[in-house]
1. Can you tell me which condition residue 350 does not meet? The list is (1) in contact with a Leu (Cβ under 8 Å, 6 or more places away or on another chain); (2) in a loop (DSSP other than H, G, I, E, B), and all the others hold.
2. Inspect all residues belonging to the range 231-240 and state whether any of them is outside the structural domain of residue 365 (by TED's automatic domain parsing), farther than 30 Å from residue 366 by Cα, out of contact with any strand residue (DSSP E or B) (no Cβ under 8 Å at 6 or more places or on another chain) and basic (Lys, Arg).
3. Taking helices (runs of 4 or more DSSP H) that fall entirely within the range 181-294, which contain at least 2 residues that are over 20 Å from the mean Cα position of the chain (by Cα)?
4. Which residue is surrounded by the most Cβ atoms within 10 Å (Cβ to Cβ), if the candidates are limited to the range 68-82 and must be touching a residue at least 60 places away in the same chain (Cβ under 8 Å), closer than 17 Å to residue 357 by Cα and within 13 Å of ligand 2 (Cβ to nearest atom)?
5. Only residues that are under 23 Å from residue 79 (Cβ atoms) and over 21 Å from the mean Cα position of the chain (by Cα): list them for the range 302-358, please.
6. Scan the range 91-117 and report the pairs whose first residue is surrounded by 16 or more Cβ atoms within 10 Å (Cβ to Cβ) and whose second residue is of a type in the set (Ser, Thr, Tyr) and assigned to a helix (DSSP H, G or I), with Cβ atoms within less than 8 Å and a gap of 6+ or a chain change.
7. Exactly one of (1) in contact with a Phe, Trp or Tyr (Cβ under 6 Å, 6 or more places away or on another chain); (2) within 16 Å of ligand 2 (Cβ to nearest atom); (3) not polar (S, T, N, Q) is unmet by residue 95. Its number?
Amino acid sequence: MATAAAPPPRFLADVYEAASECNKCSLCQATCPAYVTNPVEWETARGRVALIRDAIEGRLELRDIADGPLSTCLTCDNCVAACAPRVPTGHIVSRARMELQDQEGHPWRQTVALRAILPHPGAMRALHGLARVTQRLGLFALARRTGLLAWLGTAGALAAQTGPLGKRTAYRLARDLPPVTPPVRGRIGFLTCCYANLASPEASGATMRVLLANGYEVVVPRLGCSGLPARTLGDREAMVDMALRNANALEDVDVDAYVGDVASCVGHYREYGDIAGSDPLAGQRAKDVAARTALASDFLDRNGVRATLGPLRWHVTIDEPCSLPIDGPERGAMRRLLAQIPHLRISDLDEAAMCCGGAGTYFVRQPERSEAILRRKFDNIRATGAAVVVTENVSCLTQLRAGASRYAPEVRVMHVMELLDESLQWAERRRAIAS
Ligand code: SF4
Ligand code: SF4
């Protein structure tokens, strides 16, 4: 007897085939940070994908799995590393969140942030000014004490996690950079992450100095948010709009490559072709940005460090951002660069590629789960005995710094480019003493 053909997918046709490739082997279980801190079936990639497929085929609604299977996934894709058919669970969950918001509407505070603030560099600049005034008047501490920060939701939690903002943003630091070290090897457009611009400007400053010291001219175009938060929160329209805005903003920037120092943000730029490539006006520009974008560590690793690195007698361990492509050359680039610093001792970190629980706004949306994942991360960090943990993502930097303050105050958290910058400065000082 012939079997009835499966009905066509009700929605999410673009990920239905990928979701159907799960063979239920369960190898993804042990790699999932959400599952290892809450071992139930729907936390696994297998469980989440099966439920999303049930929704696509009409056996349940997406809203039935919004709390739990859709909300607790970090979209980190660590499960993909263990998955033979490479089921892209993080991407499938992101698409399911978008579909759910298309069906049920977007929360208003999220809409204001994603459409009225993040795409606009001017609005971000005004926000920095406002935050600085608030800090100077002591109102930030008052807002924290009175619970106003908590009332502000995601924005308040991000402000609390980030802590006091520095006087100078990354854009401001870019005005006082040293000259490029000749001979010039090329010209870079620096992709400033809107959050790193406020939360870790010193890391971006270090990245630009390292590129200059290695013979790359650096230009710093004013950009809005890459659109990654819109993707993780589920607003597809806002995500496409931000990609098109930035692609247009980069149109007249005459450079050989675009380089950023925030792994998740750079990874998102590299998807601009898929996100906005079909736009009749700016699609080709979006594809061009995607093709010419690289992460700073990968860029330097591939092109070679030319500047002289000075010795650092430090003991470090490396926490790789989970947003690095599973099979990409970006994996291992940080280690290959750091291995070139004389006397630097590098210890392996258990579960190095597992998410730290930051994952953009995950630590706000799932605070208890995020804390459990972070605690586990610091158990592993402390076990290395390292004094410094190195990463390459602003969300990891702020999350790990928050974790260090609670679980390992003796451990310093640094961006990989800050370490290289420190090493270059040592070499420079030595040269000055010797001359
Ligand atoms: S994307 Fe991350 S959190 Fe989600 S199922 Fe995979 S490993 Fe788990
Ligand atoms: S590892 Fe991949 S194929 Fe195996 S159960 Fe997990 S998602 Fe499915």
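The values are calculated or read from the model by the stated rules, or taken from the named source; none is laboratory data. Predicted model only: the values in this text are computed from it and were never measured. Neighbour counts run over all protein chains shown; Cβ positions are idealised from the backbone, glycine included.
1. (1)
2. So far as the range 231-240 goes, no, none of its residues is outside the structural domain of residue 365 (by TED's automatic domain parsing), farther than 30 Å from residue 366 by Cα, out of contact with any strand residue (DSSP E or B) (no Cβ under 8 Å at 6 or more places or on another chain) and basic (Lys, Arg).
3. 201-213, 236-249, 283-291
4. 77
5. Matches in the range 302-358: 348 only.
6. 94/232; 97/232; 110/154; 113/154
7. (1)
Each row is one residue, and each column tells you yes or no for (1) closer than 30 Å to residue 228 by Cα; (2) surrounded by fewer than 24 Cβ atoms within 10 Å (Cβ to Cβ); (3) not assigned by TED's automatic domain parsing to the domain that holds residue 234.
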{"position": "325", "(1), (2), (3)": "yes, yes, yes"}
{"position": "353", "(1), (2), (3)": "yes, yes, yes"}
{"position": "392", "(1), (2), (3)": "yes, no, yes"}
{"position": "398", "(1), (2), (3)": "yes, yes, yes"}
{"position": "425", "(1), (2), (3)": "no, yes, yes"}
{"position": "430", "(1), (2), (3)": "no, yes, yes"}
